[in-house]
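Chemist: My questions all concern the structure below.
The values are calculated or read from the model by the stated rules, or taken from the named source; none is laboratory data. On a predicted model such as this, the values are computed, not experimentally measured, just so you know. We place every Cβ from the backbone using ideal geometry, glycine too, and count neighbours over all the protein chains shown.
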Amino acid sequence: METELEEEMRRVEEIKNLDLQDSLLQEIESAVWCFDAELCLLRHEKLSLDIQMKLADLRHVTLFQELLLLKEFEKRENTLQGRLNARMKEEDELTEKLEECKKQLELKRREIVKLQERERTIAATFQASLGDNNKFAEFLTRVFKKKIKRVKKKEKTGEDEEDEASSEDSDEEDWDDDEDDEGSEAGALDDSVCPPNCDPELFENTVQLRERRLDLEELLAEEKKTADSLKKECDALAKKTKIVQTTLHAAEGDLELFNREKQQKLNELDVVVPLRLHQIEFLVNGTIPRRLGSALVLNTSPLVRLQNRIRELQQEKSQQRELYRHARQRHVTLQHEHKDMQAKIKELESRCEHLMLRKFGKLVDLEGLQTLSGNRVLEEMRQESRIRELTYAQEVKAWEANVCKARETLTQVTRQNTERLRCLNSLLCEQKELEDKLNSRQKKMGAQFQSGRRADAESKRGLQELVESQAQEGAMLRQEIAMLSRKGGHILPPPQTPLQPSPPTHTHTHARTHHTTRQIHIRTQLSGNQ
């Protein structure tokens with residue numbers, strides 16, 4: 001038998017065990033719940049990973065199929081791309097060569113223009129040097145235009161030298177023919193010798209101008225040959241460029257067709273697209289069909305645009321209906337107006353016929369009358385146009401005559417200017433010669449002038465003294481004349497002036513003697529009058 005204490009202890013122990021059992025059961029339930037929750041999460045995660053793996057496998061299969069197709073088309077693509085690159089490179093090279101050739105051709109053309117301008121300048125200089133009414137103008141013109149044999153430097157050897165010699169011989173034969181023709185026209189005058197009564201300087205100037213002209217003609221011929229060869233080269237390069245561009249366009253077309261074919265093959269591959277149920281709006285009788293082969297897959301943004309477009313089309317439809325209603329009303333109105341106008345036209349036609357019968361006695365074609373009136377106006381306008389053309393033609397002729405006169409005046413002025421320049425040049429040359437002669441003479445006479453300076457100073461001093469003495473004598477003579485002119489004046493003997501030393505020069509002695517003789521003659525006349 002258990003005691004009360006033992007029974008009480010057993011109850012306490014039982015309560016503890018029950019409490020421990022409840023706590024353990026709760027822990028087990030919570031652990032099971034957590035395990036179930038984690039298991040559910042893992043199941044969802046496993047499902048998402050399975051989906052991703054399946055999609056990755058499908059994507060891998062799709063990419064592998066695309067890779068097989070690309071490898072299949074790779075050789076053809078490389079061939080077409082290489083052909084295209086070669087054509088593009090060739091086109092760039094030809095374009096660069098063509099641009100360079102065009103630049104060289106443009107430079108040659110500019111040089112040719114400069115040479116032609118120089119040639120025209122030489123011709124104008126020659127014409128100006130002839131002057132007006134030159135009797136040797138024809139002869140000098142023939143000398144200026146004559147072709148002569150010129151020695152060319154031979155730089156080539158062998159066959160090139162023979163070719164050049166043959167070409168030179170042919171050129172010389174042509175020139176000889178020209179010379180024979182010119183000689184037959186020249187008559188007795190020799191082109192290589194200056195004829196009598198002709199200015200040698202003008203003849204020499206003509207020969208020099210001819211040499212310059214021939215040099216320019218040779219340079220011009222060489223430049224023209226070079227320009228012709230460059231032009232031919234440019235034409236050949238342009239043709240090649242066109243051919244290369246044609247082949248380039250063909251290669252681009254082939255590559256584009258190939259890319260289209262490749263894209264078409266890639267588009268034909270089957271691609272798996274995962275869809276959620278809320279993304280499927282393809283319903284038949286309110287249910288989703290088993291097969292979605294006839295469905296269309298598109299993004300949300302195009303769908304929104306299409307829905308907006310539906311609303312826009314509905315608005316446009318209502319607007320078009322309103323326009324159609326207004327057009328119908330306008331059409332009905334125009335039909336009524338048309339009927340009224342037809343009735344009015346018939347009334348006017350009947351009235352017009354009645355007036356024709358009253359005025360002309362028969363029906364007249366109004367269109368013919370209008371045509372005749374129109375032709376009359378047209379003829380008047382044509383006549384006015386002819387008159388204006390004649391007036392303009394006369395004005396043009398008058399202006400052309402003025403231009404010709406101005407050109408002749410310009411030519412004359414140019415010739416006069418050239419003559420004056422030549423005269424100025426000759427005068428300057430003479431002035432220089434005279435200055436040289438004067439300088440040489442001054443150098444020679446310098447010593448003589450230095451030795452005669454002292455004698456000149458002494459003669460100058462003697463002349464000054466002579467002038468003073470003559471002034472004194474003149475004053476005394478005036479006093480005597482005044483005294484003798486009075487009544488009862490007495491004649492005084494002339495004062496004795498001291499004799500001046502005679503100058504060493506003959507001119508001074510002659511002047512003194514002449515003055516003394518004149519003084520004695522005046523005194524004699526005064527004595528006779530007294």
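Chemist: Between a first residue in the stretch 192-210 that is more than 11 Å from LEU130 (Cα to Cα) and a second residue that is part of a helix (DSSP H, G or I), which pairs have beta carbons less than 6 Å apart while being 6 or more apart in sequence or on different chains?
Modeler: CYS194/PRO200; CYS194/PHE203; LEU209/ILE122; LEU209/PHE126; ARG210/PHE144
Chemist: If we keep just the residues of the stretch 427-470 that are of a type in the set (A, V, I, L, M, F, W, C) and modelled with pLDDT under 85, which is nearest to the chain's Cα centre (by Cα)?
Modeler: MET445
Chemist: What pairs come up if the first residue lies in the stretch 289-308 and is closer than 14 Å to GLN279 by Cβ, the second is loosely packed, with under 10 Cβ neighbours inside 10 Å, and their beta carbons are under 8 Å apart, counting only those six or more places apart or on different chains?
Modeler: Qualifying pairs under 8 Å: VAL297/VAL273.
Chemist: Given GLN315, GLN416, GLN335, GLN412, which one is in contact with a Gly (Cβ under 9 Å, 6 or more places away or on another chain) and either part of a helix (DSSP H, G or I) or free of Cβ contacts under 8 Å to residues at least 60 places away in the same chain (or both)?
Modeler: The match here is GLN416.
Chemist: Between LEU55, LEU70, which is touching a residue at least 40 places away in the same chain (Cβ under 8 Å) and closer than 24 Å to GLU256 by Cα?
Modeler: So the residue among LEU55, LEU70 that is touching a residue at least 40 places away in the same chain (Cβ under 8 Å) and closer than 24 Å to GLU256 by Cα is LEU70.
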